Structures are given as C-alpha cells and as structure tokens.
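Enquirer: Have a look at the structure that comes next, please.
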Amino acid sequence: AMLDPDSGLSLTIARIVQRLKGSSLHSQLERQARVSLHKPEIKLESLKEDVKDFLKTSGWEKKLQNAVYSELNVFPSPCHPAAPPEHMKEPLAYMRKAQGSWEKRILKSLNSMCTELSIPLAQKRPVSEQKELLNKWNEMGTDEPDLSLFRPVYAPKDFLEVLMNLRNPNYENGEQPSFRNHLGLIQVPLKVKDIPELKEDFSELGLNIGQLGIDDSAQVPPEFFENEHVRVGQKVLAEQDSAAAQQYVRQGCPTALRADLWALILNISNQPEDILYYDQLKSNVIQHDLLVDSLIYKDVKLTASNDDYYFVFEDYLYQVLLCFSRDTSVLEHFTYSSATPPKSYIRGKLGMEEYAVFYPPNVNYNSFILSVAPLCFLYHEPSKLYQIFREMYVRFFFRLHSISSHPSGIVSLCLLFETLLQTHLPQLFYHLREIGAQPLRISFKWMVRAFSGYLATDQLLLLWDRILGYNSLEILAVLAAAVFAFRAVNLMEVTSLAAAEAVLADLSTLKVMPLLQIFLFATVT
C-alpha cells in the first residue's frame, strides 16, 4: 500500500529521528551545543538560532546531513502504517516463502556438516588456542589446517537453480500475457527497465559527458577532463558532503581520491568508538570458535591464493570475514532484507539468549571474499577496511544473495539481463538458447560476485564507483548484457555451452566504461 507523499515524509522523518537518537553523533551534537553556550557570540535572547548557527559554521550540521542522507540511502521508504512488518522485508509473499525455504536448506546443510564432522556450530576456544590465535592475528595465512572434510555450503549454480524455479502462484502456467514471450530462465513477472529508462537513469554515462575510464572520447580530451575532475573532486572532499560525493562519482573517481570519496558516500569516518567496536569483534573471534571459521578459511585459501590480484591480501581477508561473522549490528539490515538470520547457541547453552550466535545467512563466503578483496586496494587500516565492507554489504551486496523483488535484487538483475539480451540481441539470444547455452548460465556468477575476480582491478573499481554513485546494482546486469553484445560475433559461431563459456572465460582485458556507453547509448532502440 502506498502512502500519500506528506504522511510518507513525516513517517520517514520520525523513523530517522528515532534511529539517530541512540547514535554517537547524537551525543556529540549535544556535547557541542553545550560547549557553545560558553562562547561570547551565543546570546540568551537568540539562543536557539545562535546555537544552530554555531553547529552550521563548525561543520556539525554537515555531519548531521550526511547521517540523514545515509539513512535515506539504506532504508526503504516506509510502508503504510497498517502494513504488516514482513512487507518491509519483502512485499511479495511467494518471494518471502522462497527465501525462507532457501535459508532452511542452507541451515540444514550446515547442521548436517556439524553432525558428520561431530563439531558444534559454536564453542569457546581453550585459552592456549586463544593465545596462539592472538599472536598470529596478522599472519593467519601461514596456517595450513586440514580442511578437506569441509565443503562449501552451496555454489552459485545451486542458487541459480532455485531462482529458475520461482513462480508467481497467481498465474497459471505462464498465463501472464505480457510475460509469455520471455524465453529466459527466470519465470517471474517483475517490472524491469528498458533501454530508454536506463539511459535516463544513467544519463551521466552519456557519450558527450566526460568519464574516467574512457581514453578516447571525441568530445573532451581526456587529460583536460581528468585535471578538471580531480580539482572538483578535491573540492567535494573539502566540503564533506555525502550527496555531492555520490553525484560526483557517477563520472568515476580519480585513483588518489577514491578511498576518501567512497568513505564519504558511505558516511564512514572511523571514529575512536568504531575502532573500539572492531576490537571487540576481534576479541570475540579470539574467544569463540565457530564452524563458519573453517568455511571462511577454506574459501579464502581457494579464492585468494589462486588469484594473482588478491593473494597478497590473504591476512586482511581472514580478519575482515571472521569479524563480520561475529557482527550482530549487521542484523539491523534484516528489517529491510527478505532474509532472516538463523540463530544457534554455544554448545550446552541452548535457549540462553546471551549465548546465542547469529549466523550470517549467506555462507557462500566465496562471494564475500571477492567483495572484500578489491577494497583492500583502497584501505589498509583493518578497522576502516572492515567498516567500509560492512556498509557495502548492508547497502548492496546482501541483495545478490537473497531472493527478493527489489530492483537491485539478484532476481531482478537476472531478469533485466535476459530481457536486455532478448530485446536488443534477439538473434544471439535465440541462438544460444537453441544450443543449450542459456546466457544467464554464464553471466550469473559475474553478477552474484559484482564482477569481482573477473575484471581487472582498475576496471572493477570504475564499475563500483557507479554502483555507489547510482545507489543501485542494476548496472551489473547492463554490463553483463554489454559483454555479450561485445563478443556477439564470436558467440554466434559456437555450438555448445562449453564453447560459449570459453569465448567469455577471460574478461580481464575488458574496458568497462566504453562497453557500457556503447551498449546504452549507441544501441538502436
């Protein structure tokens, strides 16, 4: 149920005020206001206005604006007050049900692994082991435990199978008229954008607009654009305005400014209390041994050590992911995610809440690793790296691992990808479908991992600039379609899924921005 704009706005304001009340920003603002009372320029007769002016000139008003902007970016617009709370998680009942049964399947797989290996989901580490872990915290990669018995809980193709079997029960076997001609693997009727709408949404990527990541734009000499863009970027950072930074990165981030701009957009400032929080998570890792620790370990070994770009960050990856698996503040995002976190208890403490351990509902750590690794190029301080990853996860990446009808959710991205191909490259689409090489079978893993591990790092960061700039993952589906368009001539000649996969096996030489521009703005619609 939609709200009329005014009551929607007042609900949003009330919710943001409620959320900011308990925050450290709130107490800092109160402290600053009290400090200001001793300043000579604050007059009793105009107290309220003077204190407001002081907060403005001292930069605190900007910090408050950024916090509000951050809330607006993360949380969905409010539902009708009469709507049940699960509507905020996911409005479509059949999607909620599918997500629920997928979670049960994962939990069952975890539990059966515990039973087989006779190890608990969670237990306290002996003191000797705690000391050892503390000593080698910065070089966990040197450890070589035997993990041959642990198996990944699921692979991307298992998840794709689940998505392919989704159906809207209100339609009898493909009755929906507008949808009957969709010949892809995804068979649910969600509204996705067409190229004219995407052009409008991504207008800053147009052919006549300067872009970082385009070397030979006819309109603007690249070096002229770059120098000017860096100058503007420094100004945006000096202003410390999250909304301005978000607009700015749509044209790409200069390498030297990227770490600071992303942190500004995500409203991460690495305050003393944030560092303290990270240390608490670390001590939780040291004290408790979770089954997922072994899964994380195994995945990092498999993923990072085999990747030329990422293996140098192996120790960072352990630190971030082990802490992430202990972080209960991540649970907040489950109010607006279709997922629900499974809970287990430290051995022997069943039902005692203080011994509850929440399992991150996505135990496909392989994708997690690939979403942390690129951030290691930008952030070298573990607590800051951790906060940036956590914020990227609760804003974006969780949508790639849960079943929902959200436009940035993986189901919509798959459907958008298939629709773009079927509409704009019909011959290619039908050809691949005929030979049993449904395009989504190839592109699914790219999208689920936000292209990490597939593109060269500089190109991946240019792509992620745009995810942050547009606060949306839709660009992943557009890029996936653009890659098929780019390799279309070769793909028209293949006669099997394996051959199609071979044509698309190596994306490391691709240049992201020209591909996106050509696909969106030079395709005849």
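Enquirer: Cross-link candidates for Lys89: which aspartates and glutamates have Cα within less than 14 Å, leaving aside residues fewer than 8 places away along the same chain?
Expert: Here the aspartates and glutamates satisfying the reach criterion relative to Lys89 are Glu332.
Enquirer: Now for a separate question. Once neighbouring chains are kept in place and the probe is 1.4 Å, which whole percent of the accessible area of the range 250-328 is contributed by carbon and sulfur?
Expert: Of all accessible area on the range 250-328, carbon and sulfur atoms account for 51 percent.
Enquirer: So how many Å³ per residue does the convex hull of the Cα atoms of the range 141-299 work out to?
Expert: 263 Å³
Enquirer: Under a 1.4 angstrom probe, counting protein chains only, how are Tyr248, Tyr309 ranked by accessible area, largest first?
Expert: Sorted descending by solvent-accessible area, the residues read Tyr309, Tyr248.
Enquirer: Please work out how many pairs of lysine residues in the range 5-83 are eight or more positions apart (or on different chains) and have Cα atoms closer than 14 angstrom.
Expert: Total qualifying Lys-Lys pairs in the range 5-83 comes to 6.
Enquirer: On to the next question. Considering only the other residues whose Cβ falls under 15 Å of the Cβ of Val192, what net charge follows from Lys and Arg at +1 and Asp and Glu at -1?
Expert: Within the 15 Å Cβ shell, the charges total -2.
Enquirer: Calculated FRET efficiency, Leu117 and Gln287, Cβ-Cβ r, R0 22 Å, to nearest 0.05?
Expert: Working: r = 21 Å, r/R0 = 0.97.
Efficiency at R0 = 22 Å is approximately 0.55.
Enquirer: A further question on this structure: Sorted by mean Cβ packing within 10 Å, highest first, what order do the peptides 262-273, 444-455 take? Kindly include the intermediate steps, with their values, before the conclusion.
Expert: On the way: 262-273: 18.2, 444-455: 22.6.
For the peptides 262-273, 444-455, the packing ranking is 444-455, 262-273.
Enquirer: Now for a different question. Measure out, as a whole number of angstrom, how far apart the alpha-carbon centroids of the range 262-291 and the range 394-435 sit.
Expert: Computed from Cα coordinates, the inter-centre distance equals 34 Å.
Enquirer: When averaged across all projection directions, what area in nm² does the alpha-carbon convex hull of the chain cover?
Expert: With the hull built on Cα positions only, its mean projection is 29.0 nm².
Enquirer: Then there's this: By the scheme Lys and Arg +1, Asp and Glu -1, what is the net charge of all other residues having a beta-carbon under 12 Å from that of Glu161?
Expert: +2
Enquirer: If you look at just the Cα atoms of the range 5-83, how large are its Rg and its Dmax in Å?
Expert: Expressed in Å, the Cα Rg and Dmax of the range 5-83 come to 15.5, 51.
Enquirer: Okay, moving on. Let's see if you can work this out: charge +1 on each Lys and Arg Cβ, -1 on each Asp and Glu Cβ, no other charges. What is the dipole magnitude of the range 5-83 about its Cα centre, in debye to the nearest 20?
Expert: That gives the range 5-83 a dipole magnitude of about 260 debye.
Enquirer: Which FRET efficiency value, to the nearest 0.05, is calculated for Ala93 and Asp53 with the Förster distance at 45 angstrom and r the Cβ-Cβ distance?
Expert: Efficiency computed from Cβ-Cβ geometry: 0.30.
Enquirer: So what is the accessible area of the range 5-83 per residue, in Å², with the probe set to 1.4 Å?
Expert: Roughly 66 Å² per residue, with all protein chains present.
Enquirer: Taking all protein chains in place and a 1.4 Å probe, what share, in percent, of the accessible surface of the range 5-83 do carbon and sulfur account for?
Expert: Roughly 60 percent of what the probe reaches on the range 5-83 is carbon or sulfur.
Enquirer: Still on this structure, I have one more. Could you sort 200-210, 115-125, 311-321 so that the peptide with the highest average Cβ count within 10 Å comes first and the rest follow in order?
Expert: 311-321, 200-210, 115-125
Enquirer: Right, another one. Among Gln65, Phe224, Asn284, which residue has its Cα positioned farthest towards the positive end of the charge dipole of the chain, with +1 placed on the Cβ of Lys and Arg, -1 on the Cβ of Asp and Glu, and the dipole taken about the Cα centre?
Expert: The Cα lying farthest towards the positive end belongs to Asn284.
Enquirer: Here is a further query. For the chain, what is the charge dipole size about the Cα centre, in debye to the nearest 20, if Lys and Arg each add +1 at the Cβ and Asp and Glu each add -1 at the Cβ?
Expert: That gives the chain a dipole magnitude of about 1200 debye.
The values are calculated or read from the model by the stated rules, or taken from the named source; none is laboratory data. Bear in mind the structure is a predicted one, so any value in this text is a computation, not a measurement. Note that each Cβ is placed from the backbone with ideal geometry, even for glycine, and that neighbours are counted across all protein chains shown. The area values use the complete protein model at the heavy-atom level, side chains included, leaving out ligands, DNA and RNA. Shrake-Rupley method; radii C 1.70, N 1.55, O 1.52, S 1.80 Å.
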